[in-house]
Amino acid sequence: MSKYCLKGNNVTDEKLFHQRRAIIKSSIAFSLLTFSNLVFPNIKSLSFSKDLKYSTNEQTNTLKQITSYNNFYELGSGKRDPMINADKLNTNNWQVTIDGEVENKFTLDTDDFTKKFPLEERIYRLRCVEAWSMVVPWIGFELNHLIKLAKPTYKAKYISFESVYDPENLPGQKRDTLAWPYREGLRLDEARNPLTILSVGLYGRVLPNQNGSPIRLIVPWKYGFKSIKSIKRISFVENMPDTSWNLEAPKEYGFYSNVNPYVSHPRWSQKRERRIGEFRKRETLMYNGYADNVAHLYEGMDLKKYF
Ligand code: MTE
């Protein structure tokens, strides 16, 4: 008998083996259930259609991975802080203001997100500037639907987004780690691209707080920090707006921030990425794999200059 074989009295008989498997399986199912109850305390599910045109069929990351490894500086700067401090974000009576260079200024509350817009599940790759990535089954609607309601004037060239500002309750906003409120921006044609969505849920339920409840932006061909969470204000503007990371470190984070393996971050390469849950690194794709849909937006631009 080779030394790698199990000794006779250590071999589990088949019946016991199946019993143990059943116990392990049910305890995994139980812990998944309790985990999902923890993440989704009110478990409000959403009705939506599944998008086939823009969704990737790659394996999605688990709910646990998507909700326990986050960047949300308002809730702390560690990856687990947003999960730990999730209850510090108060989403009651949430209103989003739409204003600026538009014919129709209006506000939206959380019921409007589901009543006014057609919700779809969009399975997108998310590539973070820190060279990790995930695949997330977002639920949301195209930002362009909201743009059509707002009717931008001829002056509107960009959209500026602003997150929640609540330093009394949000632990990260008690310090000036970033210029608060968190701000982001898009050129109007980027905002109108059908890939750009406002997400209100994931995995069939309303967004967990750590992922930017009740509404956040998703721009899948840009580094994750462009996908601003917990939005309070959407303003149509004439000039390129300020963004929090560009104000913080202009040499590291430009306005465009398109995923680009050929332009390195000043402190690390962007050529490869680690998909959360995987060991071997993957090659990063130009525009995060969405080049067919968006490369035309940047034709003729020097992408080293406009990074
Ligand atoms: N939005 C706000 N308001 N505050 C933030 O700190 N972090 C950004 C982005 N949106 C951030 C934010 C960064 S750096 C990333 S990578 C993504 O959110 C992460 O989204 P996720 O936690 O849902 O994966």
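Under 12 Å from the Cβ of Asn239, count the other residues' Cβ atoms, weight Lys and Arg +1, Asp and Glu -1, and hand me the total.
Taking every other residue near Asn239 into account, the sum is 0.
Quick one: which residues, 5 or more positions from Phe106 or on another chain, have an amide H under 5 Å from its amide H? H modelled 1.01 Å from N in the peptide plane, none for Pro or chain starts.
Ile98
For Ile197, which sequence-distant residues (separation of 5 or more, or a different chain) have an amide H within less than 5 Å of its own amide H, given hydrogens modelled in the peptide plane?
When sequence neighbours closer than 5 places are left aside, the close amide H contacts are Leu143, Ile218.
Per-residue ellipticity at 222 nm for the chain, helices alone: DSSP H runs ≥ 4 residues times -39500 (n - 2.57), over residue total, nearest 500 deg cm²/dmol?
Taking each H run of at least 4 residues, the total per residue is -5500 deg cm²/dmol.
Run the quick spin-label model on Ala179 and Ser47: label points 7 Å from Cα toward the beta carbon, then report their separation in nm to one decimal.
My value for the distance between the label points is 4.4 nm.
Highest first, please rank the peptides 270-280, 94-104, 124-134 by the mean number of other Cβ atoms sitting within 10 Å of their residues.
Packing order, densest peptide first, comes out as 124-134, 94-104, 270-280.
If I model a spin label at Lys281 and Ser36 as a point 7 Å from the Cα along the Cα→Cβ vector, what separation in nanometres do I get?
3.5
With a 1.4 Å probe and all protein chains left in place, how much accessible area per residue does region 230-307 have, in Å²?
Solvent-accessible surface per residue comes out at 60 Å².
Roughly speaking, to the nearest percent, how much of the chain's 1.4 Å accessible area is carbon and sulfur?
51
Pick out, in residue order, every one of the trypsin sites (Lys or Arg not before Pro) in region 55-119 that is DSSP loop and has at most 16 other C-beta atoms within 10 Å; say none if there are none.
When the trypsin sites (Lys or Arg not before Pro) of region 55-119 are filtered for loop state and at most 16 Cβ neighbours within 10 Å, Lys79, Arg80, Lys105 remain.
Would you grab the residues whose amide H sits under 5 Å from the one on Thr284? Only those 5+ places off in sequence or on another chain, please, with H modelled 1.01 Å from N.
For Thr284, whose amide H was placed from the backbone, the distant partners under 5 Å are Arg272, Glu273.
Length gain on complete extension for the stretch Lys151 to Lys64, per 0.36 nm per residue less the alpha carbon to alpha carbon distance?
Value of the extension gain: 27.4 nm.
Which trypsin sites (Lys or Arg not before Pro) in region 143-222 sit in a loop by DSSP (not H, G, I, E or B) and have at most 12 other Cβ atoms within 10 Å of their own Cβ?
Lys155, Arg175
Taking the Cβ of Asn260 as the center, what net charge do the other residues with Cβ under 11 Å away carry, scoring Lys and Arg +1 and Asp and Glu -1?
+4
Taking θ = phi - 60°, what integer Hz values does the Karplus form 6.51 cos²θ - 1.76 cosθ + 1.60 yield along region 166-175, in sequence order, with x for Gly and Pro?
Listing the rounded values in order: 8, x, 5, 10, 8, x, x, 7, 7, 10 Hz.
Once phi is turned into θ = phi - 60°, what whole-Hz ³J(HN,Hα) does the Karplus curve with 6.51, -1.76 and 1.60 give for every residue of region 275-289, x standing for Gly and Pro?
Per residue, the Karplus-derived 3J(HN,Hα) values read 5, 4, x, 10, 9, 6, 6, 9, 6, 7, 9, 4, 6, 6, x Hz.
Compute the length gained on full extension between Thr56 and Asn93: take 0.36 nm times their separation in residues and subtract their Cα-Cα distance, giving the result in nm to one decimal.
Gain on extension, Thr56 to Asn93, equals 9.9 nm.
What is the log10 of I(q)/I(0) for region 119-182, computed with the Debye formula using one identical point scatterer on each Cα and no solvent, at q = 0.12, 0.26 Å⁻¹?
One equal scatterer on each Cα of region 119-182 leads to -0.59, -1.00.
Rounded to the nearest angstrom and ordered from largest down, what semi-axes does the equivalent ellipsoid of region 44-298 get from its C-alpha gyration tensor (root of 5λ)?
With the √(5λ) rule applied to region 44-298, the semi-axes are 24, 21, 20 Å.
Need the full-extension length gain, Lys251 to Thr107, defined as separation in residues times 0.36 nm minus the C-alpha distance. One decimal, nm.
48.3 nm
Tell me, what ³J(HN,Hα) does each residue in region 187-192 have, in order and in whole Hz, if you take phi through Karplus 6.51 cos²θ - 1.76 cosθ + 1.60 with θ = phi - 60° and put x for Gly and Pro?
Those phi angles translate into 6, 4, 5, 5, 5, 7 Hz.
The values are calculated or read from the model by the stated rules, or taken from the named source; none is laboratory data. Since the model is a prediction, treat every value here as computed from it, not as a measurement. Cβ atoms come from the backbone with ideal geometry, glycine included; neighbour counts cover every protein chain shown. In case anyone asks, the SASA skips ligands and DNA or RNA and just uses the protein heavy atoms, side chains included. Shrake-Rupley method; radii C 1.70, N 1.55, O 1.52, S 1.80 Å.
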